[in-house]
């Protein structure tokens, strides 16, 4: 099938590459001419494991094409995915900025000729599909189309796997004809079992938001359990592991740390919170989770300061990890963006290393000295803080690091050395994790 995807950011590019891998003819379109030029030259503007290979293969096969002209891109297509950004609006906390989504609707409305399915792929507030339908109908009353909601559930760092082996494909459709098109688009995934969950438009939009809200609540709960365990001298990690073995609960997202971040959880929790407030159905658990996560970073700053004996002015701190999670170069809402400036404000000198996030971090945090490796960051450091659980940090030569450092403190905000903490302490480190106190 010939499909256009408008927006070549994270969601649009991953979706386009994977759909092309299914055998569809995909036209990815973006108004950013420089981005399209780079994509045509094989340059991928984001870091996502496996994406560069898939893009290269499908461009070579002719199944994946990049354009900067929407009118040309949507000629002869059966489906148009809207995958543009929906950043948090400056109008007020919790509102998603829908100008790009509605802008696309206005632009494609007069261009629709034959029957076309318009698919909202961007993460949007409940009611967006209805508004897209209104916009197109107002501009082009003769347009033959249906609007569908098809939220994405891609985890940064695992997006290819998530797209090709999804737990479910949620499709909000109000007509059988549009649902048939969606079944055809996703047919390569429906060989062994039908993974499409067909619902109405508003329900589909709601599924994405409540899924992320629930996972955010699990993270906040794990963090609060960790705080309690430290106070009562219990092992919160083992307690959470045991709890997660209950099939009704599940072990995922029960790992304490510096708080959730990224492009989805912070924005989506605020969006569903705002939807509930406006509808008169307050989601008190979500509201509490947002408040708790906001204060989590400050708690981690206090943990680092206490570990260093309260006096950090002039002290050198090595920070390993800047991105909000491993296997991505994304720093949006990363705990590092709050924790490190707070430490700098108190006089600490930060030396940081991240495998993929340093170029972006340099644009945001100026008062950091960036290093080319974990070992360079640790030279002369009074304290080592592990901020992101990159795999390469799990196998560090800690004896070498001990010799490089001036101090002997490790504050492991991701607990990657939790199971090896006795070995770490035997080397001569004072090891502080999250959720337990020896």
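The values are calculated or read from the model by the stated rules, or taken from the named source; none is laboratory data. Note that the structure is predicted; figures quoted are calculated from it, not measured. Positions of Cβ are backbone-derived with ideal geometry, glycine not excepted, and every protein chain shown enters the neighbour counts.
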When segment 26-54 is examined, which residues are found to be buried (at least 18 other Cβ atoms within 10 Å of the Cβ) and either out of contact with any strand residue (DSSP E or B) (no Cβ under 9 Å at 6 or more places or on another chain) or part of a strand (DSSP E or B) (or both)?
26, 27, 28, 29, 47, 48, 51
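Going by the structure shown, is residue 96 modelled with pLDDT under 95 and under 18 Å from the mean Cα position of the chain (by Cα)? Walk me through how you get there before you give the answer.
Details: modelled with pLDDT under 95: yes; under 18 Å from the mean Cα position of the chain (by Cα): yes.
Yes, satisfied.
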Show the residue pairs meeting these rules: Cβ distance below 7 Å; 6+ apart or different chains; first residue within segment 102-116 and assigned by TED's automatic domain parsing to the domain that holds residue 177; second residue in a helix (DSSP H, G or I) and at pLDDT below 95.
107/70; 108/70; 111/71
Restricted to segment 214-235 and to residues being surrounded by 15 or more Cβ atoms within 10 Å (Cβ to Cβ) and over 26 Å from the mean Cα position of the chain (by Cα), the residue nearest to residue 303 (Cα to Cα) is 230
Please pick out the residue among 188, 166, 151, 141 that is surrounded by fewer than 21 Cβ atoms within 10 Å (Cβ to Cβ), under 20 Å from the mean Cα position of the chain (by Cα) and not assigned by TED's automatic domain parsing to the domain that holds residue 421.
166
Can residue 253 be described as surrounded by fewer than 18 Cβ atoms within 10 Å (Cβ to Cβ), closer than 28 Å to residue 124 by Cα and either in contact (Cβ under 8 Å) with a residue 60 or more places away in the chain or within 15 Å of the chain's Cα centre (by Cα) (or both)?
yes
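A quick yes/no check of all residues on (1) in a loop (DSSP other than H, G, I, E, B); (2) within 25 Å of residue 355 (Cα to Cα):
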| site | (1), (2) |
| --- | --- |
| 275 | no, no |
| 304 | no, yes |
| 314 | yes, no |
| 317 | no, yes |
Matching residues in segment 421-438 (surrounded by 13 or more Cβ atoms within 10 Å (Cβ to Cβ), in contact with a strand residue (DSSP E or B) (Cβ under 9 Å, 6 or more places away or on another chain) and either assigned to a helix (DSSP H, G or I) or at pLDDT below 95 (or both)) number 3
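Residue-by-condition table, conditions (1) crowded, with 18+ Cβ neighbours inside 10 Å; (2) more than 22 Å from residue 50 (Cα to Cα); (3) in the same structural domain as residue 388 (by TED's automatic domain parsing):
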position	(1), (2), (3)
160	yes, no, no
171	yes, yes, no
176	no, yes, no
179	yes, yes, no
182	yes, yes, no
205	yes, yes, no
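I'd like the full set of residues that are part of a loop (DSSP other than H, G, I, E, B) and closer than 17 Å to residue 47 by Cα, limited to segment 8-25.
Across segment 8-25, the qualifying residues are 8, 9.
Of all residues in segment 129-159, count the ones that are assigned to a helix (DSSP H, G or I) and at pLDDT 95 or above. Explain how you work it out, then say what you get.
Restricting attention to segment 129-159, the residues satisfying the condition of being assigned to a helix (DSSP H, G or I) are 129-139, 159.
Next cut, at pLDDT 95 or above only: 129-139.
Residues meeting the conditions: 11.
Which of the residues that make up segment 334-355 are surrounded by fewer than 20 Cβ atoms within 10 Å (Cβ to Cβ) and in contact (Cβ under 8 Å) with a residue 24 or more places away in the chain? Give the derivation first.
If we filter segment 334-355 for residues that are surrounded by fewer than 20 Cβ atoms within 10 Å (Cβ to Cβ), which is where we start, we get 337-338, 341-342, 344-347, 349.
337, 338, 341, 342, 344, 346, 347, 349 - these are the residues of segment 334-355 that are surrounded by fewer than 20 Cβ atoms within 10 Å (Cβ to Cβ) and in contact (Cβ under 8 Å) with a residue 24 or more places away in the chain.
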Flag for residue 184 being closer than 27 Å to residue 24 by Cβ, in contact with a helix residue (DSSP H, G or I) (Cβ under 9 Å, 6 or more places away or on another chain) and not in a loop (DSSP other than H, G, I, E, B):
no
Checklist (1) under 14 Å from residue 369 (Cα atoms); (2) over 28 Å from the mean Cα position of the chain (by Cα) applied to residue 307, failing item:
(1)
Any hit, segment 322-336, residues being touching a strand residue (DSSP E or B) at 6+ places or on another chain (Cβ under 8 Å) and either outside any loop (DSSP other than H, G, I, E, B) or not assigned by TED's automatic domain parsing to the domain that holds residue 303 (or both):
yes
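I'd like to know if segment 118-135 contains one or more residues that are farther than 23 Å from residue 271 by Cβ and in the same structural domain as residue 21 (by TED's automatic domain parsing). Walk me through it before giving the result.
Taking segment 118-135 as the starting set, the residues that turn out to be farther than 23 Å from residue 271 by Cβ are none.
No - not one qualifying residue is present in segment 118-135.
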